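Below: one structure, written as structure tokens.
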2 protein chains.
Amino acid sequence: MPAASGTPRPPARSGERGIPEAAVARLPLYLRALGGLAEAGETTVSSEELAAASGVNSAKVRKDLSYLGSYGTRGVGYDVQQLVHLIARELGLTQDWPVLIVGIGNLGHALAGYGGFASRGFRVAGLVDADPARVGEEVGGVAVSHLDQLESIVRAEQVSIGVIATPAAAAQSVCDRLVAAGVTSVLNFAPCVLAVPPQVGVRKVDLSIELQILAFHEQRRNVAVAGVAT
Amino acid sequence: MPAASGTPRPPARSGERGIPEAAVARLPLYLRALGGLAEAGETTVSSEELAAASGVNSAKVRKDLSYLGSYGTRGVGYDVQQLVHLIARELGLTQDWPVLIVGIGNLGHALAGYGGFASRGFRVAGLVDADPARVGEEVGGVAVSHLDQLESIVRAEQVSIGVIATPAAAAQSVCDRLVAAGVTSVLNFAPCVLAVPPQVGVRKVDLSIELQILAFHEQRRNVAVAGVAT
DNA sequence: AAGGCCTTGTGAACGAACGCACAAAGTCGA
DNA sequence: TCGACTTTGTGCGTTCGTTCACAAGGCCTT
Ligand SMILES: NC(=O)c1ccc[n+]([C@@H]2O[C@H](COP(=O)([O-])OP(=O)(O)OC[C@H]3O[C@@H](n4cnc5c(N)ncnc54)[C@H](O)[C@@H]3O)[C@@H](O)[C@H]2O)c1
Ligand SMILES: NC(=O)c1ccc[n+]([C@@H]2O[C@H](COP(=O)([O-])OP(=O)(O)OC[C@H]3O[C@@H](n4cnc5c(N)ncnc54)[C@H](O)[C@@H]3O)[C@@H](O)[C@H]2O)c1
């Protein structure tokens, strides 16, 4: 019962080279906004402009960018191209990331054909499904392989990121196979929790959760109004 | 750092009827886990078990549930059915939420056919697309209407939640129309920021961002390894 | 009836993130 | 060259969220 937590906790990763998780999550936002600005012909951008374009506030923008170093010019702003490059490098987008998508149903089809993948250096290296009827079908220029091929594709294509779009019941076993084959990052669309070894990264996207959060606030507003009226 | 605040500390959320945002975001997780437990025949659940089933830690579970009131039994745990009901009510899931999906392309198709909608009280009240070729097609039991019908569907079906799955370029104008027609919550899949009046709720899902965050950590691991070697 | 055992509910410490506000540092026009 | 103006970079107080740790409370066995 005594949690043996007597060890004086050291500042975790103080000396470490680390930018806050919350800032990392915003970098892709800036990158997207910068793409738009570059297309519009802007060569420099102030934190205020970038804030407006990415839906963040400007103090946060400046602090986030400061984690990458001091590349702004006071009185002027940041160089758009340079920022794009800095952020892309920080996020690891200057290299090619082969991705394997497992479960080519409705969602898998949409993902496989999604252009937002490729534009950031994510290459669909393979599509696999358990249903023999789907094997051979071509989606977004890539043919669907059978689930049996999972391991060989991961190895042949050096896949490090796997995307799971199977029913929830199959997700854990698929995940286990991905990890065993060498995948170290997983994006999970199935509505379930995945158990993975600690060194493997997992992120989940659950559309239903987003809707429920919206419903909560929606209800809150309605109740508030009704409450006043009642 | 002792709270030398002679000031009467405003208990923040004691008087107010407010659950922290972070807790709200986890309630759907618990709900999902409870569904599984109920199916497995469990009638009561401890915070420890629920934590394991929902991928959260148990202290957080207890604190989150405490915002709903004191419904647990010490030494035993929580009643599964009662919890399901409490959470569903808190999230507003005891009522029917008509949802309109705009943009029935690849992603829109997947969303329209997704079962995870209906199981939580979200009813697809309409599907609209700008492409005349798509109008009339039936997806998941609902026929696709033309974009022109947007306003009339929102009013006729009392839609308060809109889902945007159009290309980014069209998203803002679609959003404006939804809001003008009376929608007060928007779930946006297009990779762009949406401007809305302050009383309208917006959430965004950007798959590409999730991948970029994965890539960041993936790279970090690789660099760490390579760094030692270099 | 009493004591042991388990689990909740929560006060309090800790830590992460936010946003303000401003000095520092640069640009640009005169 | 200089001074007005603009915008960065960041120190700091505040707020939000997480985690610890334990008293309070209730069940069950004896
Ligand atoms: N459709 C959506 O909008 C949506 C949204 C959020 C989450 N999800 C989730 O994403 C997942 C997929 O949804 P969907 O609508 O595409 O379902 P789907 O039934 O259309 O597709 C599932 C696919 O996975 C394949 N599959 C089943 N078991 C497999 C296995 N062991 N290995 C490989 N492939 C396997 C099936 O053959 C099928 O092609 C589900 O878990 C769903 O809950 C879907
Ligand atoms: N496919 C994915 O996996 C994925 C993932 C994340 C985000 N997204 C985003 O979701 C959106 C849709 O993606 P998609 O793959 O389904 O694209 P898509 O091109 O297949 O579908 C877009 C649909 O929107 C319709 N549309 C265009 N303008 C419209 C308007 N003004 N009003 C109503 N409908 C209109 C088109 O007719 C088309 O049917 C895009 O913004 C995309 O970036 C897609």
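Points to keep in mind about this one:
- The ellipsoid equivalent to the alpha-carbon distribution of region B:40-162 has semi-axes of 40, 15, 11 angstrom, derived from the gyration tensor eigenvalues as √(5λ) and listed largest first.
- Across region A:51-74, the residues whose backbone nitrogen lies under 11 Å from the label position 7 Å along the beta-carbon direction of A:Arg89 are A:69.
- Considering only region A:117-199, percent of DSSP beta bridges that pair antiparallel, nearest 5: 20
- Whole-number D in µm²/s for chain A (Stokes-Einstein; Kirkwood sum over Cα pairs; 20 °C, 1.002 mPa s): 103
- For the residues A:Ser185, A:Ser160, A:Ser208, a GNM of chain A with alpha-carbon springs under 10 Å puts the largest fluctuation on A:Ser208.
- Loss of accessible area when A meets B, both sides summed, Å² nearest 100, probe 1.4 Å: 5300
- On the beta carbon distance between B:Ala224 and B:Ala38, with R0 = 45 Å, the FRET formula returns roughly 0.55.
- Farthest positive-ward along region A:85-171 dipole, Cα basis, beta-carbon charges - from A:Ser152, A:Thr94, A:His109: A:Thr94
- Unit charges at the beta carbon, dipole of chain B: most positive-side option, B:Leu50, B:Val196, B:Leu29: B:Leu50
- Rg(Cα) / (2.2 N^0.38 Å) computed for region A:16-58, rounded to two decimals: 1.25
- Within chain A, DSSP assigns beta bridges of which about 20% are antiparallel (rounded to the nearest 5).
- What the phi angles of region B:68-74 give under the Karplus curve with 6.51, -1.76 and 1.60, with θ = phi - 60°, is a coupling list of 8, x, 9, 10, x, 10, 4 Hz, glycine and proline written as x.
- Rh (Kirkwood; distinct C-alpha pairs) - region A:49-112, Å: 14.4
- Student exercise, region A:13-90 dipole from Lys, Arg, Asp, Glu Cβ charges, in Debye to nearest 20: 280
- For A:Val99, the residues 5 or more places off, or on other chains, whose built amide H falls under 5 Å of its own are A:Arg123, A:Val124, A:Ala125, A:Gly126.
- Per residue, the convex hull around the alpha carbon atoms of region B:13-90 comes to 84 Å³.
- Dipole size of the protein assembly as shown about its Cα centre, with +1 on Lys/Arg Cβ and -1 on Asp/Glu Cβ: approximately 1720 debye, rounded to the nearest 20.
- A 1.4 Å probe run over the protein chains yields, for chain B, 49 Å² of accessible area per residue, whole-number rounding.
- Net charge dipole, region A:97-208: roughly 360 debye, given to the nearest 20, about the Cα centre with Cβ charges of +1 for Lys and Arg and -1 for Asp and Glu.
- Reduced Cα scattering model of the protein assembly as shown, Debye log10 I(q)/I(0), q = 0.07, 0.08, 0.09, 0.11 Å⁻¹: -0.41, -0.54, -0.70, -1.07
- Summary of the geometry: region A:137-188 and region A:34-49, compared by the centres of their Cα atoms, lie 37 Å apart.
- Over every Cα atom in region A:97-208, the radius of gyration and the widest Cα-Cα span, Dmax, amount to 12.6, 36 Å.
- Fraction of antiparallel bridges per DSSP, the protein assembly as shown only, in percent to nearest 5: 20
- When the solvent-accessible area of the protein assembly as shown is split by element, carbon and sulfur atoms take up 54 percent of it, the probe being 1.4 Å.
The values are calculated or read from the model by the stated rules, or taken from the named source; none is laboratory data. Just so it is clear, the structure is predicted and the values come from calculations on it, not from any experiment. Backbone-built Cβ (ideal geometry, glycine too); neighbour counts: all protein chains shown. SASA here: full protein model, heavy atoms, side chains in, ligands and nucleic acids out. Shrake-Rupley method; radii C 1.70, N 1.55, O 1.52, S 1.80 Å.
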